[in-house]
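The values are calculated or read from the model by the stated rules, or taken from the named source; none is laboratory data. Keep in mind that what you see is a predicted model, and the values were worked out from it rather than measured. Glycine gets a Cβ as well: all are built from the backbone with ideal geometry, and neighbour counts include every protein chain shown. Keep in mind that these areas ignore ligands, DNA and RNA; they rest on the heavy atoms of the full protein, side chains included. Shrake-Rupley method; radii C 1.70, N 1.55, O 1.52, S 1.80 Å.
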Amino acid sequence: MGSSEANPNRGNEPELHLLMADSFEPLWKSLFHAFSEFFFPKKLPPLELQSKPIPVKDIWGFYNYKKNGVLGSTAVHALVLGLIMGVTFITIPRPVPAAPKPQINTKLIDPDDYPLKPAKTQAGGGGGGGDHDLLRASVGRLPRSSMRQITPPAAVIRNPTPRLAVEPTVIVPPDIKLAMNTKLLNLGDLKSSAVIPSNGPGAYGGIGPGSDGGVGPGHGHGFGPGDEAGTGGDTFHIGRGVTPPRVIFQTDPEFSEEARKAKYQGNCVLGLLVDANGRPTNIRVLNALGMGLDEKAIESVKNWKFEPGKKDGHDVAVEIAVEVDFHLY
């Protein structure tokens, strides 16, 4: 097939003449015209202004119909700026003033201000004993008073021929005058009414229903109700040759949270027994303060260590008072 059949419409398409013969100019002519116009330009008549200016409104001014809008926008912006500054001021953490530091002082005080006064005829303490006898302790005189006991007293001698005979004693300060009945030949309990010789139903030596080598219903090497030694139904008290214990280790109590929040302060007084080993026992409140501070003081004093009180050079259990001063400064 011929090319005319492949493109039957080819004869109807217009032909493009990119290079027109009448617009072609030789290069030397165009250079000559450009050279002459550059060095010898033609003078043209002056231009005449044909347009006229038209007045328009100032775009930077205030439009009368938008004055209220501008004022409202200014107020809104000022309000938003104030809110931003306020929130920033509130949220910025400010230094908090330090809370007052609790001040706590503890000291031993004169127990004469509280019910711990020494008596004229007793220094406090007591004792008891026995040897598990079925009968009550028999009546009799007391042994000699001493600050040291080697042999406990006995109404019935279980070993009549000891290898080394030592006089029995009870631990009672020598300056305490015990009631003595010289008509009674045998040792026994002065307050008993039984006449059949017996050491009593107590234990660990001595005479009576108590224990620990003394005479009476107490627990100790003294005489009468009470503990440790001495007589009078209580422990040794400061005075009449009894020196007070000395603190060798102490911890200060803490403020209770309840008292700290309420800014509550004051003094509380504790009574306690310092035994012959320097341990605080029988701690109780003599002057209550409240707000949980009394309990805090007791918890602290339980951990104290003492040098024991002394009577005639011997360690004895002594009743003392401790004042705890809770203050916020």
Pairs with Cβ under 9 Å, 6+ apart, first in region 181-203 and among the β-branched types (V, I, T), second modelled with pLDDT of 85 or more: T182/R141; V195/S138; V195/V139; I196/L135; I196/R136; I196/S138
Count of region 7-41 residues which are part of a loop (DSSP other than H, G, I, E, B) and at pLDDT below 75: 16
Some residue of region 246-268 being under 28 Å from P173 (Cα atoms) and open to solvent by less than 10 Å² (accessible area, probe 1.4 Å): no
Of the criteria (1) at pLDDT 90 or above; (2) part of a strand (DSSP E or B); (3) touching a Leu at 6+ places or on another chain (Cβ under 8 Å); (4) among the hydrophobic types (A, V, I, L, M, F, W, C), which one V269 fails: (1)
Hits in region 150-178 - residues which are part of a loop (DSSP other than H, G, I, E, B), at pLDDT below 85 and within 15 Å of G127 (Cβ to Cβ): V172, P173, I176, L178
Selection count where residues are touching a helix residue (DSSP H, G or I) at 6+ places or on another chain (Cβ under 8 Å) and modelled with pLDDT of 85 or more, scope region 199-258: 6
Subset tally (residues that are open to solvent by 30 Å² or more (accessible area, probe 1.4 Å), more than 25 Å from H221 (Cβ to Cβ) and either acidic (D, E) or touching a helix residue (DSSP H, G or I) at 6+ places or on another chain (Cβ under 6 Å) (or both)) for region 293-324: 3
Odd one out for D133 among (1) open to solvent by less than 50 Å² (accessible area, probe 1.4 Å); (2) over 27 Å from K311 (Cα atoms); (3) modelled with pLDDT under 85: (3)
Qualifying residues in region 269-291 (those that are over 23 Å from H221 (Cα atoms) and in contact with a helix residue (DSSP H, G or I) (Cβ under 7 Å, 6 or more places away or on another chain)) - the one surrounded by the fewest Cβ atoms within 10 Å (Cβ to Cβ): A288
